[in-house]
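Engineer: Provided herewith is a single structure, encoded as structure tokens, for subsequent inquiry.
The values are calculated or read from the model by the stated rules, or taken from the named source; none is laboratory data. Predicted, not measured: the structure shown is a model, and the values here were computed from it. FYI the Cβ positions are ideal-geometry reconstructions off the backbone, even for glycines, and counts take in every protein chain you see. What goes into the accessible areas is simple: the full protein's heavy atoms, side chains included, and nothing from ligands, DNA or RNA. Shrake-Rupley method; radii C 1.70, N 1.55, O 1.52, S 1.80 Å.
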Amino acid sequence: MTTTVLLTGAAGYIASHTWLALQQAGYRVVGVDNFSNSSPRVLERLAELAAAPIEFEKADVCDGAALDEIFDRYRPGAVVHFAAFKAVGESVSQPLAYYRNNIGGLVNTCEAMQRHGCTRIVFSSSATVYGAPEQLPLREDAPTSATNPYGATKLMGEQILRDVGVADPAWQTACLRYFNPVGAHESGRIGEDPRGTPNNLMPYVAQVAVGRRERLSVFGDDYPTPDGTGVRDYIHVTDLAEGHAAALRWLLDNSGSLTVNLGTGRGYSVLDLVRAYEAASGRSVPYEVAPRRPGDIAACWADPAQARDTLGWQAKLDLDRMCQDSWRWQQLNPQGFNT
Ligand code: NAD
Ligand code: WQD
């Protein structure tokens, strides 16, 4: 029988790509979002890409009554929970909004699941739970810590799910620690559409390449890395989406829970990414070196072995492909979904 999957935060960047991956894998997907950080226009694009009508309910995951109606109506067998706020700097200035939405939303979703006998959840965690790494690559058993309220919500989210699993072993949870998701669907029809000034590197670079912004500020060139700029494990959003389908399959075919890194295992510097983007776009990306961004770490990349061994999943797409697909999206949609 086809499993119905409730996708929260479904109109967002990573969830919209995951929606297609789950449909491709044969699941019935029901999306939920309150559009607090996304556009309803993504739904038209998804229907077009899926070549089928899509099922969607506008709702806030902090609203228990709304979730009850959705559970009654669709009877999902699993939840893939993306809904959350994600801006690190904003979480420092508005911690309560982050705790309410990210922790309140997760607890509320789990309570609705409990009321409706749904006990499988895939949770969007983050490499941010590793804090400042002591050793690279990062394995799942590395020490964890939070350096800002956003990171604390991910660390706490993982803890909540572990505790729920201890209290009731029927629960199966998958905490997926994403490294740095970038790129876009190869069609150029969906992609990342940040509101205001992008906080993250690739969307900023994309807006410089397309002429929306003058130059990139490179936050520090005196880190202990090969070229002095920060090193990260960038992962194509399509690979990441497939990682969710693999994790869900695992939950359905096994007993127990898991916590895994979703990364490529390779680190690239800010300047590596700038050069790759210039090559992909044929545009120059002017930059200037600026002071380090407070809270940034020098380098971070995954040991992806556990995802390979447990889920049979590996990232396939390289940095050039991440830049090419980001550029196609950026060029076709210079103002994002408002183009
Ligand atoms: P996004 O902002 O594009 O997507 C999140 C979606 O959730 C948005 O569509 C937003 O409208 C929705 N949402 C937020 N609060 C909601 C609520 N209370 N009710 C219903 N919908 C709500 O972000 P994204 O980059 O796609 O991230 C998805 C998830 O992955 C988040 O949990 C984020 O913390 C996590 N994550 C993201 C990254 C990253 O770099 N993008 C890295 C690690 C983890
Ligand atoms: C990458 C590199 C910057 C912008 C953040 C969150 C993390 C996770 C992913 C959700 C760093 C440099 C950036 C710019 C720059 N999100 N940079 N100029 O910091 O690794 O991770 O997003 O879970 O929690 O902290 O990603 O893309 O912001 O930065 O030089 O304008 O690019 O210093 O070295 P980061 P990023």
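Engineer: What are the residues in region 127-167 that are over 14 Å from N261 (Cα atoms), of a type in the set (A, V, I, L, M) and away from ligand 1 (no atom under 15 Å from the Cβ), if any?
Structural biologist: A132, V164, V166, A167
Engineer: Working carefully through the options E57, E44, find the one that is out of contact with any His (no Cβ under 6 Å at 6 or more places or on another chain), charged (D, E, K, R) and either farther than 20 Å from P194 by Cα or in a loop (DSSP other than H, G, I, E, B) (or both).
Structural biologist: Step by step, each of E57, E44 is checked, and only E57 is out of contact with any His (no Cβ under 6 Å at 6 or more places or on another chain), charged (D, E, K, R) and either farther than 20 Å from P194 by Cα or in a loop (DSSP other than H, G, I, E, B) (or both).
Engineer: Given the conditions (1) open to solvent by 40 Å² or more (accessible area, probe 1.4 Å); (2) within 15 Å of ligand 2 (Cβ to nearest atom), report the number of the one that P169 does not fulfil.
Structural biologist: Result: P169 passes all but (2).
Engineer: Go through R212, R195 for me and flag whichever is more than 13 Å from ligand 1 (Cβ to nearest atom) and surrounded by fewer than 21 Cβ atoms within 10 Å (Cβ to Cβ).
Structural biologist: R212
Engineer: Go through the residues of region 6-28 one by one and say whether even a single one is of a type in the set (S, T, N, Q), open to solvent by 30 Å² or more (accessible area, probe 1.4 Å) and either away from ligand 2 (no atom under 16 Å from the Cβ) or not in a loop (DSSP other than H, G, I, E, B) (or both).
Structural biologist: yes
Engineer: In addition: Just to check your reading of the model, which residue among E44, E57, E90, E69 is of a type in the set (D, E), open to solvent by 20 Å² or more (accessible area, probe 1.4 Å) and within 16 Å of ligand 2 (Cβ to nearest atom)?
Structural biologist: On inspection, the qualifying residue turns out to be E90.
Engineer: Might you check whether a residue that is touching a helix residue (DSSP H, G or I) at 6+ places or on another chain (Cβ under 9 Å) and at positive phi occurs anywhere in region 233-255?
Structural biologist: The answer is no, given that none of the residues of region 233-255 is touching a helix residue (DSSP H, G or I) at 6+ places or on another chain (Cβ under 9 Å) and at positive phi.
Engineer: If you don't mind, there's one more thing I want to ask. Restricting attention to region 93-121, and to residues there that are hydroxyl-bearing (S, T, Y) and in contact (Cβ under 8 Å) with a residue 12 or more places away in the chain, which single residue is most open to solvent (accessible area, probe 1.4 Å)?
Structural biologist: Y99
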